[in-house]
1. How high is the relative contact order of the range 45-121, in percent, counting Cα pairs under 8 Å that sit 6 or more residues apart?
2. With r as the distance between the Cβ atoms of Met328 and Tyr120 and R0 = 60 Å, compute the FRET efficiency 1/(1 + (r/R0)^6) and round to 0.05.
3. Please report the spacing between the Cα centers of the range 252-276 and the range 169-235 in Å, no decimals.
4. Run a plain Debye calculation on the range 18-149 (Cα atoms as equal point scatterers, no solvent) and give log10 I(q)/I(0) at q = 0.09, 0.14, 0.23 Å⁻¹, rounded to two decimals, same order as the q list.
5. With a cut-off of 8 Å between alpha carbons and a minimum separation of six or more residues, what is the relative contact order of the range 129-285 in percent?
6. How large is Rg/Rh for the range 300-396, to two decimals, with Cα atoms and a Kirkwood Rh?
7. Looking at the chain, which longest stretch skips every one of the trypsin sites (Lys or Arg not before Pro) that is in a DSSP loop with at most 13 other Cβ atoms within 10 Å, leaving the sites themselves out?
8. For the chain, what's the relative contact order in percent, using C-alpha pairs closer than 8 Å and at least 6 residues apart?
Amino acid sequence: MRFGFVGPAYASQTPLADAEALINWYPEQMESPNARTQFALLPTPGLSLYCNFGSAANFPSVRGLYTINSRTFAVSGTHLLEITAQGVFTDYGGVGGNNFIVDDGLPATMVAGGTTGGAYPSQLLIASGGTITVFSLVTNTFSAITGAPTNVLMVEFLAGFFIALTIGNTWQVSNPEDATTWSGLAISQVQVFSDQLLSIIETNLLLWVFGAKRAVAYQLTGAPIFPFDTVNGGFAEVGISAQFSVARVAAKAGTTICWLGGDDRGDKIVYAMNGFTPTRVSDHGLEYFMSKNVTADAVGFARQDQGHNFYDLWFPTANATWTLDVDMGWWHQRTSLVNGTQQAHRGRCHTYNFGTHLVGDRLSGNVYSMDIRFFNENLGSGVSQQIVRTRIGPTIQIEAGRTVVPINEFQVDFQVGVGPEPPLIDGNGKPRPPYAMFSYSEDFGQTFGAERMIPCGKAGNFKAEAVDRRLGSWRSFTPKVAVSDPVAWRMVDAYTNSTQDSSPRLSKSYAKIT
């Protein structure tokens, strides 16, 4: 009997309702009407070291990645670096002209534009630690800045103007196509609400300016002093509660933005902008997690892989990473093994170039290639960490009038026979199949029994079955499946086989989903 084993992460306040977990797998919905099953769980991509900037003392984290004209730049520590397709990097340092990069541990934002030097774009503008820095893409040197805004939170670029949001509840624009010159007159304060300004982002030729409880959209008007004005109807009664959580995401309906926000009534809800209307895209499972943790430091970034549009949300203090499949509306978690424990995924920023997804390490000066072809996290220097993938499915409970559920078998419909060649080796040096670990709970997922190792077929054994037998009778039955061997772990469903019942009112498999 199928019982909907494939599904999103969703842990309710009470496990009696739902205690599902989905870690390092993501769901995919079949698009063919003839598919054998509606959904499958696919493995999240692994990591392979692309380049390493140096010691953790100088490069404690990669705080920003940005690609322009097929050139990829990174900010790590107080340095601006450029990465080539071969994984070689150039360290440009962080001091030049009259500006420098400050490392405050927060994300660094970068935008490009400008027409100086006869090229376009000709300038890279970096905001980090409250300062802005201009790097010439023509001469590969830092440029002096006139009238530079101070206490900058982040920067953007729209319609030929560089834009800086500052702590002083203002945002300022540069001279046209020139990040090195800033007029003291081209400064604006949002007057349609009185919130402290926290974040800006450009999308669809609009600039969204976020306060803590409201947001407003601006567009280019071409006015001589300050060239932007509010958009008619471009007002949202929802603000942002984690200033670096906002990101441009693609979706079937077009490009939009996602962010972690709230309003006068409360916060800790993830929204997507639908036109000018904020639409809730988090669920109660994620919102319960956020209610128990610090979320103001959350960092969001977006990526597209195999037609899936993902929005990643890293919670530094909570040490967790949650990911939304924007089109499906389902969430899953992503983790990395750090010091032997599952923690937030290593990636804290992302760009796409050289035909691969590049992510910056939150724990070192490493940049990784992230790809579904990688089944481990290769950190360099011979260090390769396993990826532990876990699925806790929905609970099966007996129908009314019964006290226990007799479960003869539990079988997971894995794609078997995908063991590597050469094969995996056991402790005695002999070839072995990949193993899955099955365990079960009788208290709605609050505690689980001992793990049972289930073989899943050596390479080429496509008829193997991942099945566990003689499970006995259960008051309730919540299955947990965990894997870590470096193979392509894909599953499409799971089944139970219950004992034949003589009562005419019950079918052979008389368990049901709670």
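1. 23 percent
2. Plugging the Cβ-Cβ distance into 1/(1 + (r/R0)^6) gives 0.95.
3. Centre-to-centre distance over Cα atoms comes out at 19 Å.
4. -0.41, -0.71, -1.41
5. Computed value for the range 129-285: 13 percent relative contact order.
6. For the range 300-396, the value is 0.96.
7. Result, exposed sites excluded: 37-251.
8. So the answer I get is 16 percent.
Every read-out reported here was derived from the displayed coordinates using simple, explicitly stated rules and does not represent laboratory data. Small disclaimer: the values here were computed from a predicted structure and weren't measured. Ideal geometry is used to build each Cβ from the backbone, glycine not excepted, and the neighbour counts take in all protein chains shown.
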